[in-house]
Amino acid sequence: MSFRDLSLLKYYKTYKNDIVKEFYVPVLQQAVLYQRAVGFFSSTALIDLTKGINGIIKNQGKIQFIVSPRLTDEDIEAINRGYEKKKIIDDALLRDFSEPENYFQEERLNYLAFLIEKDYLDIKVAFTPPSKQLGMYHEKVGIVTDGMNNKIVFTGSMNETINAFYNNSESIVVFTSWDASKEYVDEMQGDFDTMWNNAEEEGLEIIDFPDVLKERFQVYRNTDLDNIQYSKKSGAPNMVCEPAFEYGKVEKGIPRIPEGFKFREYQTDAIEKWRDNAYRGIFDMATGTGKTYTGLGAVVRLYEEKKRLAIIIVCPYQHLVEQWVEDITLFNMAPIIGYSASKQKNWKKRLADDIFDFSIGVIDTFCFVTTNSTYSSKYVSELMGQLGPDTLLLVDEAHNFGSPNLRNKLYQAIQYRLALSATLDRHGDPEGTKCLTDYFGQKCIEYDLKRAIDEKKLTPYYYYPVLVYLEEDEFEKYKEISYLASKECHKDKHGKLLITEKGKRLLLQRARVVAGARDKLIELKKLLERYKTDNHMLVYCGATRVDDFENDCSEADEEGERQIVAVSKMMGNELGMKVTHFTSNESAAERELIKRDFAAANPYQAIIAIKCLDEGVNIPSIKTAFILASTTNPKEYIQRRGRVLRLAPGKPYAVIYDFVTLTRPLDEIDPYNPDYRFERALAKRELQRIREFGTIAKNSSDSDELINDIESVFNFTIEETEAAEDGDDFE
């Protein structure tokens, strides 16, 4: 069989064609040579280019890619000034290498390393010389040749990524060598060969792919692909079982487990327990333990049994929706993406149409992923009312739904329910916690940080509490706010402390006084003197306003903004470090660039954040964290710790410096001082966090000594510190 036997269109558009199934798979199955000029290099682009190329390997073929670096103005200036061109190009490509964020990307980097190692894949780099003032080669063309020298050329707007395949509005135009397009095909083949063979090409330079990047791929090389039987004659494999996800094997939109993916035993157990609980329950899983994939595995399990399912997935913020979209797509679903700035501008109409079609039986499933804000809007709420019991509500970071303004969106008509959260218990809100457990049911799994570290899902860490003290004016402000807040509190007949909304705002103001203590910057600078030439550091500043689900994004508070500016000036101006902000003020695109440059340590050594990292953003390369914003909310500080403990190459452990705020040194504490009750209450709240962080640290004895000193000075019992609450000092 040759290309001539295929039924090919001249024009493919994503909105009406499954381009992977209709074009890529059948063409590449017959190919012996795949040549691709892919535009800008990124590791994720190369990962996506490995999809569907098994046919070429089975045919003992070859793959040739030409990529381009993203050269900055500084890069071009350096080349013009005579600096080593190859090193500048290497560094530019390295900046665009992203650490894999999930199982599938790790497997594809393994596959990429395998292809390079076995000489199936060769990559070259093309760029425009600086004299042209462009600094890039950005042509997107593919040439595929079969065993009978028939050729297919395709070109167009489409990059080979999951978003391009399924979410974006993209197109390709196809030309073949056996019809009227032959002249164009021959011309494109000649152009590619000229570049590939490094012949003189006006306006372009071609160099080999850097060894340093091949070495980065090799980090993820494992032996899974080494047991393949090879042909004695050619050395090519008789059969290659491509890892991860094969597109086009099942109908698009039907939930399916990606080919090659295997759940761990604890994930399978959680899903089966959820099934045994009539498909209701809670997955209480630490960061990094596969919570999202376990949730999507549960979706597949339910659909396979029921064969009819409306899937509603809700998470707090826009960037979390986009992270979910990537994983939802891997599980073969085609989500409707609903929030204020969604790229799917027609998502409201799509949602209304799918709900109507589902309700009358025209379709058996659809998936809608959205933010808390959009889910609770009037428009979506009215549509939810049209759904019957054959509906699954999957809520990520589900603790948020215990808040008063979201509880009434937990619709009883929805039969199947799943809550995901590393910290479902709501701090100081037993009523909200009970609301969640009443609706979602019991926990199907508890997988905490200690277990995740012990089972090597997260990295171990060293924990160093850093004592800082409120200055006199800060303590006076702390006491003043405490006094005002005490007037907003009272106990009910059962002895439960109740705080008015005004009181809660005052407590937030008081927490900002602690978070913004000036002594923290002094101690931070002392520590950073030892780290100013290091990389992959994170500094947490300030806090945020109370959760506001009228918005899709979190907002930084004024105190946090002041502190982040002060830290930036100190690190950048005084210590000469390369730093950048990571806050809600940066766009999603800016955040992705920051993550990439930070992972490569070029140029950024440190990220200074306010709170957005609490919201599910993953930056695995963080090795050292300085936590200035010492929250007393277990949900927040457990999440913060989890962000720092993500696994990454070259990261055997993490280091956490936690700035613990007291009113004065312990040897100056006087139990007969009128301010003693304020000092004791502050110490009690801080002590709860020290114990939580220190218990499972590699150097737990260091924090044990401080815990013992604080307990002794303030005469604490373990029961007191484990039950610390805001308002303890109002009694």
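The values are calculated or read from the model by the stated rules, or taken from the named source; none is laboratory data. Since the model is a prediction, treat every value here as computed from it, not as a measurement. Quick reminder, even Gly has a Cβ in these numbers, built from the backbone with ideal geometry, and neighbours come from all protein chains shown.
Looking only at segment 419-447, residues that are within 26 Å of Ile619 (Cα to Cα), surrounded by 16 or more Cβ atoms within 10 Å (Cβ to Cβ) and at pLDDT 90 or above come to 4 in all. Residue selection: Ile481 fails the criterion of being surrounded by fewer than 21 Cβ atoms within 10 Å (Cβ to Cβ) and either touching a strand residue (DSSP E or B) at 6+ places or on another chain (Cβ under 6 Å) or in the same structural domain as Ile336 (by TED's automatic domain parsing) (or both).
Of (1) assigned by TED's automatic domain parsing to the domain that holds Phe626; (2) at positive phi, Tyr462 satisfies all except one. Which? Status for Tyr462: all satisfied but (2). Within segment 573-600, the set of residues being part of a loop (DSSP other than H, G, I, E, B), at pLDDT 85 or above and closer than 24 Å to Pro69 by Cα comprises Lys578 only.
Pull up segment 498-514, narrow it to residues that are hydrophobic (A, V, I, L, M, F, W, C) and closer than 26 Å to Glu474 by Cα, then point me to the one that is surrounded by the fewest Cβ atoms within 10 Å (Cβ to Cβ).
Of everything passing the filter in segment 498-514, Leu508 is surrounded by the fewest Cβ atoms within 10 Å (Cβ to Cβ).
Look through segment 686-731, keep the residues that are charged (D, E, K, R) and under 23 Å from Ile481 (Cβ atoms), and return whichever of them is modelled with the lowest pLDDT. If we take residues in segment 686-731 being charged (D, E, K, R) and under 23 Å from Ile481 (Cβ atoms), then Glu731 is modelled with the lowest pLDDT. Any residue that is modelled with pLDDT under 80, out of contact with any strand residue (DSSP E or B) (no Cβ under 9 Å at 6 or more places or on another chain) and in a loop (DSSP other than H, G, I, E, B) - is there at least one of those in segment 64-72? Scanning segment 64-72 turns up at least one residue that is modelled with pLDDT under 80, out of contact with any strand residue (DSSP E or B) (no Cβ under 9 Å at 6 or more places or on another chain) and in a loop (DSSP other than H, G, I, E, B). A Cβ distance below 6 Å, combined with a sequence gap of six or more or placement on separate chains, defines the contacts here; from segment 567-594, residues that are under 26 Å from Arg518 (Cα atoms) reach residues that are among the charged types (D, E, K, R) in the pairs Met570/Lys525; Leu575/Lys532; Met577/Lys532; Ser584/Glu555.
Counting only residues that are within 21 Å of the chain's Cα centre (by Cα) and under 30 Å from Arg685 (Cβ atoms), give me the helices (runs of 4 or more DSSP H) lying completely in segment 344-440 with at least 1 of them. Give the derivation first.
Numbers: elements: 347-359, 372-375, 378-384, 404-407, 430-440.
Answer list for segment 344-440: 372-375.
Residues in segment 396-418 that are modelled with pLDDT of 95 or more and surrounded by 21 or more Cβ atoms within 10 Å (Cβ to Cβ): 3 in all.
Scanning segment 646-679 for residues that are within 15 Å of Val468 (Cα to Cα) and in a helix (DSSP H, G or I) returns Leu666, Asp667, Glu668, Glu679.
Checking every residue in segment 440-459 against the condition of being touching a strand residue (DSSP E or B) at 6+ places or on another chain (Cβ under 7 Å), of a type in the set (Gly, Ala, Ser) and in contact (Cβ under 8 Å) with a residue 24 or more places away in the chain gives at least one match.
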